[in-house]
Structures are given as C-alpha cells and as structure tokens.
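Presented below is the structure to which this report refers.
The values are calculated or read from the model by the stated rules, or taken from the named source; none is laboratory data. Quantities reported herein were computed from a predicted structural model and do not represent experimental measurements. Every residue, glycine as well, gets a Cβ built from its backbone with ideal geometry; the counts of neighbours run over all protein chains shown.
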Amino acid sequence: MDLETCLKKMELVGVLAFATVDQEGAPQIRNISAIHYEKDAIYFFTARGKNFCRELQEDGRVQILCYTRYKEMIRMSGKAYAVAEEEQAKWSTLIWE
C-alpha cells in the first residue's frame, strides 16, 4: 500500500498508537488523537514536558500502528521532526480543528 493510501485510511481511525524508545532503549507506546494529515506527512501534538516529546527530540524514530474499520493493520515507521517555531501556531490550529 502506498503512503498516500495509508494516510487516508489512518485518518479514518482517529487514534494512532505511537511507539518510541526511552533512554534505556526500552519500547514506549502511547495513543495519540491530536493529529492532522497531509498528503505526505502526519502532524501531531504533544506537550514539551512529556516523556514522549523528550524521546522524539532525542532519537526521533517512531513507529505508528492502527487497525482500520476495514480490518486492516497499518504500520508505518519514520522519523519525527519538530515543526519550526514560527509554524507551530498554524499546525496547532489545524490539529485542533
């Protein structure tokens, strides 16, 4: 399945499971629902003080898992990048709409 199709199907799920690794290399997983989808990217929100944010800033690797209403499991791996400070308000607004 190509990226665009995966993202379209994931958008229908609503909550995605995000996996990262902590400082000891142990897997950490949490559900994220504050998400905005673009054709080639996912934008999501997390608070700066949370372990999730720290793990993303230190390593950046993330794996995302969801189960669609069509009984399909979609798993994607990638690297998370912080949005530039001057663009954060724009993306935050889109995420919360």
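Scan region 34-67 for residues that are of a type outside the set (A, V, I, L, M, F, W, C), under 21 Å from Val13 (Cβ atoms) and modelled with pLDDT of 90 or more and jot them down. Listed by number, the residues that qualify are Gln63, Tyr67.
One residue stands out among those in region 40-82 that are out of contact with any strand residue (DSSP E or B) (no Cβ under 7 Å at 6 or more places or on another chain) and among the hydrophobic types (A, V, I, L, M, F, W, C): the one that is surrounded by the fewest Cβ atoms within 10 Å (Cβ to Cβ), which is Ala47.
Contact map, region 1-29: residues that are in contact (Cβ under 8 Å) with a residue 24 or more places away in the chain and surrounded by 14 or more Cβ atoms within 10 Å (Cβ to Cβ) paired with residues that are of a type in the set (Gly, Ala, Ser) and in a loop (DSSP other than H, G, I, E, B), Cβ distance under 9 Å, separation 6+ or inter-chain. Pairs shown: Leu7/Ala41; Leu16/Ser33; Phe18/Ala80; Thr20/Gly60; Thr20/Ala80. For the structure I just gave you, tell me whether Ser92 is out of contact with any Phe, Trp or Tyr (no Cβ under 6 Å at 6 or more places or on another chain) and assigned to a helix (DSSP H, G or I). Answer is yes for this residue.
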